[in-house]
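The values are calculated or read from the model by the stated rules, or taken from the named source; none is laboratory data. Just so you know, these numbers come straight off a predicted model, no measurement behind them. Cβ sites come from the backbone with ideal geometry, for glycine too, and all protein chains shown count toward neighbours.
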Amino acid sequence: MQLMATLDGTIVIVALPRMQAELDLSDVAKSWVITAYVLAFGGLLLLGGRIGDAIGRKRAFLAGVGVFTVASLVCGLADDQYTLIIARAVQGIGAAVAAPTGMALIATTYAVGHARNKAMAVSAAMQALGSVLGLVLGGLLTVISWRLAFLINVPLGLIVMVVAALRIAETRHERLALDATGALLATVGCGAAVLAFSQGPSRGWADPWVVGAGIAAVVALLGYVVAERRAEHPLVPVSVFDNRSRVATFVAYFLAGGVMLTVSVMIGLLVQDVLGYSALKAGICFMPFAVGMGAGNLLATRMALHVAPRWLVIGAGSLVVVAMIFGSTLQRDVAYFPSLVALFLVGGFGIGVISVVLPLCAVAQVGPREIGPVSAVTLMVYNLGGPLMLVVIQAVQTSRTLYLGGTTGPVARMTPAQLDALGHGYTYSLLWVAGVAVLVGAAALAIRFSASDIARAQHTREAVEAGEL
């Protein structure tokens, strides 16, 4: 289930051009196919974990997997953009319940020690694999039909439900006042912000719908702050923000989530829409990105114990900036090797380092009992940063494309000049990704945790996951 939940955030990226052609999706709708899932997943992740505590984790897990599976079926059978987008949001809701309760069930299913450590390692591997495998598997399935990217979840979801029903024991549940109001306001606020930025370039920023969405976003997010202060069991405890270095970590990780998702989407669309790659070739071409990320993960795991985290993040962010500036110079006749391979390796390496260091910073100087809640908040921050940064940079990309004489819609209808404008729009957006990477480094300057703090955090987290604390 962890693999499916993570994989579905990226599996549709390489399938988007064919979806757009077959369903006649607008560019805004194409964007929502991604953001509807990621927003629902990230925005409701904390509430999903609380539901497991309130009604029993096995019951919540089965419900989450069931919702995810049914929504996947609807996505695969959708014949219009509205059905597809709504089903994607429901899919994200199911994943938001199933993913955290699945993680919690590991602690109650496996014995303390080697068995639990092995299960945690497998789960972590599934999460790491899901993002990149989604691109490759999405391309492979799209060669046959983009619908298979969703329908493949149906038999897998049914198998997960049967095995869970037969092999997993129910946990004790406790009566909790669920902060549904806070979760709803946060998700609506982020969704309204995405709507405003996605509609702005085409409708105009003074359009009543755009202005209304912007106002709704501000009101909902302010309401969320008020609701959290009054909630008996707030989704995000105020104590999480009692350390300036941790707040800086959250800011940096929010922006890093935007870098990761935006790079995947923009380059995935660039190589298909402008360079003419097939969906399968587009998916396979991301393999060097996975190699770079893996190398960055490995180096960061070792270096984080000896080098202050802010310098690791700033150094890795600098590599991402260099890669994105280079990517902004690419032309339609660019060769995959060495140009795109270098872009993937260098950018992936930088993102790989950041994705290890910042989560460790988030749990530095945190007690064993707070490790779980703080880690959940960190994951939520990352998952919300992705769609919000993506939609802002997509607005920039669309505006640049239209300014250069391009158009929106399926690429099959575009003239060579319009394709050139689209290509310049995509590469120009990478400059903005570089700017976001600079902001990641700037936020990291305020992180004052030491290498010894990170070493203790890593030891504490491993001990908690193993059930030793």
Does R302 fit the bill of being within 17 Å of T249 (Cα to Cα) and of a type in the set (D, E, K, R)?
no
Subset tally (residues that are polar (S, T, N, Q), touching a residue at least 60 places away in the same chain (Cβ under 8 Å) and in contact with a Ser or Thr (Cβ under 7 Å, 6 or more places away or on another chain)) for region 401-438:
2
Could you give me the residue pairs with C-beta distances under 7 Å whose first residue belongs to region 323-350 and is under 15 Å from L270 (Cβ atoms) and in the same structural domain as G296 (by TED's automatic domain parsing), whose second residue is aromatic (F, W, Y) and at pLDDT 95 or above wherever it lies, and which are 6+ apart or on separate chains?
S328/Y428; L343/F326
Quick one: which residue in L390, L422, L402 is surrounded by fewer than 20 Cβ atoms within 10 Å (Cβ to Cβ) and either part of a helix (DSSP H, G or I) or outside the structural domain of V363 (by TED's automatic domain parsing) (or both)?
L402
Out of all the residues in region 217-233, which are surrounded by fewer than 16 Cβ atoms within 10 Å (Cβ to Cβ), of a type outside the set (A, V, I, L, M, F, W, C) and either in contact with a helix residue (DSSP H, G or I) (Cβ under 6 Å, 6 or more places away or on another chain) or in a helix (DSSP H, G or I) (or both)?
R229, R230
If we ask which residues in region 161-184 are modelled with pLDDT of 85 or more and within 27 Å of the chain's Cα centre (by Cα), their number turns out to be 2
Only one of A29, A15, A63 is closer than 26 Å to V263 by Cβ, of a type outside the set (K, R) and surrounded by fewer than 24 Cβ atoms within 10 Å (Cβ to Cβ). Can you tell me which?
A29
Among the residues of region 6-23, what is the count of those that are of a type in the set (D, E, K, R) and part of a helix (DSSP H, G or I)?
2
Every residue from region 152-170 that is of a type in the set (A, V, I, L, M, F, W, C), in contact with a helix residue (DSSP H, G or I) (Cβ under 8 Å, 6 or more places away or on another chain) and over 9 Å from T69 (Cα atoms):
I152, V160, M161, A164, A165, I168, A169
Would you say L105 is modelled with pLDDT under 90, under 28 Å from Y224 (Cα atoms) and either assigned to a helix (DSSP H, G or I) or of a type in the set (D, E, K, R) (or both)?
no
I'd like to check something: does region 293-312 contain any residue that is out of contact with any helix residue (DSSP H, G or I) (no Cβ under 7 Å at 6 or more places or on another chain), hydrophobic (A, V, I, L, M, F, W, C) and part of a loop (DSSP other than H, G, I, E, B)?
no
